[in-house]
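Every number here is computed from the coordinates shown, using simple stated rules; none is lab data. The shown structure was predicted, so the numbers you read here are calculated from the model rather than taken from an experiment. Please note: Cβ atoms are built from the backbone with ideal geometry, for glycine as well, and neighbour counts cover all protein chains shown.
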Amino acid sequence: MVKPYQIGSILRSASKQPNERRFNGRVVVPGQEELREMEMFDAVPTLNERSEVITGDNSSFQFLRMARILLDVNEDGYQVVDLSWKQEEVVFYVHRGIATIQVDGEEVDLVWGDCLYVGIDSAVKVSSKSDCDIIEFRAVKCTHKYPVQLVRHAEIEQGDLAAHVGTKRPMTKRTVYKLVDGSNIRACRLLSGDTYMDKAGGVGSYPPHFHGPDGPFGLGANAKEEIYHFRVESDIPNDVGYVMQNCARPGEDVGAYVHIFDEYAINVTPGYHDTLAPPSMKFMFHWCLASFTENVRDWAEVVNKPGYDGEW
């Protein structure tokens, strides 16, 4: 098993509106005269602010949303973040530090890697006794009410939801921590976790696969939207960290890879996804899926690229 390890430091961004965080990654599709555009997002948080990264207005996502919360009690502008919503469910993932999350008056402290699931029709306060960096994944258009559920990363590491995969090829070895899974968390749409590579220059999210099981060339009732959020760094001093994310779609024989830099998020929903890293690059990524149909939450229901079925 690959133990979790931190890549990169806490980054800070000037305050930005969601439309300023959206940009298009462009890649030439091999064998075609097509310049494909991929939805990508600047996910760097803003100090003592809740920053919306992915919304319904700056993306094509029907259900998935993403935000960042960066708090430091020793810095100017610190304040408790108050949130409330109706038909939306949320997973708070502590990316760094220690967070205190209060839901309908009940408080819980979370440390690095911990998650808290909060169901619809809830009121939340997010604070810290020191500092914290939180990734917020949200699903909209939810109708079933499920209770607050806590996931401790340390406990997941000891159980069956820590999946060591990629054992067939050394460069693909990694551990996928299924933090919010259909087997441990009751939810409407969300599935979420993180993936840690065994070594620099690894290949993640392999083999190329597509979360449209009732396709394979489209997104039907059993499909799922998905966000990847990356932390990347090079082990070469002063080098810029990046990975290459596959943007090929079902029916295309050759991968089409776009550059992904540290603290980028990308919509990987439309096609196959696997991630390639140059030999000097260390990376991990957070992933979140939202099912098109409520309570259809089997994340392993995928279509692999033809010929890759035995590559897990």
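Name the GluC sites (Glu not before Pro) in region 228-268 that are in a loop by DSSP and that have at most 12 other C-beta atoms within 10 Å, would you?
Counting only loop positions with at most 12 other Cβ atoms within 10 Å, none of the GluC sites (Glu not before Pro) in region 228-268 qualifies.
With contacts defined as alpha carbon pairs under 8 Å and 6 or more residues apart, what's the relative contact order of region 25-304 in percent?
18
Taking other Cβ within 10 Å of each residue's Cβ, how do THR275, THR172 sort, fewest first? Don't jump to the answer; show the numbers that get you there.
Values: THR275 24, THR172 20.
Result, fewest neighbours first: THR172, THR275.
Quick one: length gained pulling ASP309 to ASN74 fully straight, 0.36 nm per residue minus the C-alpha distance?
Computed gain between ASP309 and ASN74 is 79.5 nm.
Give a residue-ordered list of calculated ³J(HN,Hα) values for region 282-289 (Karplus: 6.51 cos²θ - 1.76 cosθ + 1.60, θ = phi - 60°; whole Hz; x for Gly, Pro).
The phi angles translate into 9, 8, 9, 8, 9, 9, 9, 10 Hz.
So which chymotrypsin sites (Phe, Trp or Tyr not before Pro) in region 134-228 end up in coil per DSSP with only 12 or fewer other C-beta atoms within 10 Å? Mind dumping the intermediate values first?
Numbers: sites: PHE137, TYR177, TYR196, PHE210, PHE217, TYR228; in loops: PHE217.
For chymotrypsin sites (Phe, Trp or Tyr not before Pro) across region 134-228 that sit outside H, G, I, E and B with at most 12 neighbouring Cβ atoms in 10 Å, the list reads PHE217.
Would you mind ranking SER127, SER59, SER84 by Cβ crowding within 10 Å, fewest neighbours first?
Sorted ascending by nearby Cβ count, the order is SER84, SER127, SER59.
Under 24 Å Cα-Cα from LYS86, which lysines qualify once same-chain neighbours fewer than 8 residues away are excluded?
Within the straight-line limit of under 24 Å, LYS86 reaches these lysines: LYS125, LYS141, LYS145, LYS224.
Can you work out the FRET efficiency for the pair ARG169 and ILE98, with r the C-beta to C-beta distance and R0 = 45 Å, to the nearest 0.05?
Plugging the Cβ-Cβ distance into 1/(1 + (r/R0)^6) gives 0.75.
Length gain on complete extension for the stretch GLU34 to ALA221, per 0.36 nm per residue less the alpha carbon to alpha carbon distance? Write out the running numbers ahead of the final one.
Working: separation 187, 0.36 × 187 = 67.32 nm, distance 2.88 nm.
Roughly 64.4 nm would be gained on extension.
Determine which lysines satisfy two conditions relative to LYS168: a Cα distance under 21 Å, and not lying fewer than 8 residues away in the same chain.
Within the straight-line cut-off, LYS168 pairs with LYS3, LYS178, LYS199, LYS282, LYS305.
Taking 0.36 nm per intervening residue step and subtracting the Cα-Cα distance, what contour gain separates SER280 from SER60 on full extension?
Full-extension gain reported as 75.9 nm.
Summing +1 for each Lys or Arg and -1 for each Asp or Glu, what net charge is found among the other residues whose Cβ lies under 13 Å from the Cβ of VAL29? Could you put the intermediate results ahead of the total?
Numbers: positive: ARG26, ARG36, ARG249; negative: GLU33, GLU34, GLU37, GLU252, ASP253.
Within the 13 Å Cβ shell, the charges total -2.
Which order do the peptides 235-242, 287-294, 298-305 take when ranked by the mean count of other beta-carbon atoms within 10 Å per residue, highest first?
287-294, 298-305, 235-242
For MET66, MET1, MET171, what's the fewest-to-most ordering of other Cβ within 10 Å of each Cβ?
Ascending number of Cβ neighbours within 10 Å: MET1, MET171, MET66.
Could you tell me the convex hull volume per residue, in Å³, taken over the Cα atoms of the chain?
Value for the chain: 130 Å³ per residue.
Among GLY255, GLY271, GLY113, which one shows the highest mean-square fluctuation when the chain is modelled as a Gaussian network with alpha-carbon springs under 10 Å?
Maximum among the listed residues: GLY255.
Out of residues 5 or more away from VAL44 or on other chains, whose amide H comes under 5 Å of its own, with H placed 1.01 Å from N in the peptide plane?
none
Return the unpartnered cysteines for the chain, using a Cβ-Cβ cut-off of under 4.7 Å.
CYS115, CYS132, CYS247, CYS288
How much mean residue ellipticity at 222 nm does the chain get from its helices, if each DSSP H run of length 4 or more adds -39500 (n - 2.57) and you divide by all residues, to the nearest 500 deg cm²/dmol?
Helix-only estimate at 222 nm: -500 deg cm²/dmol.
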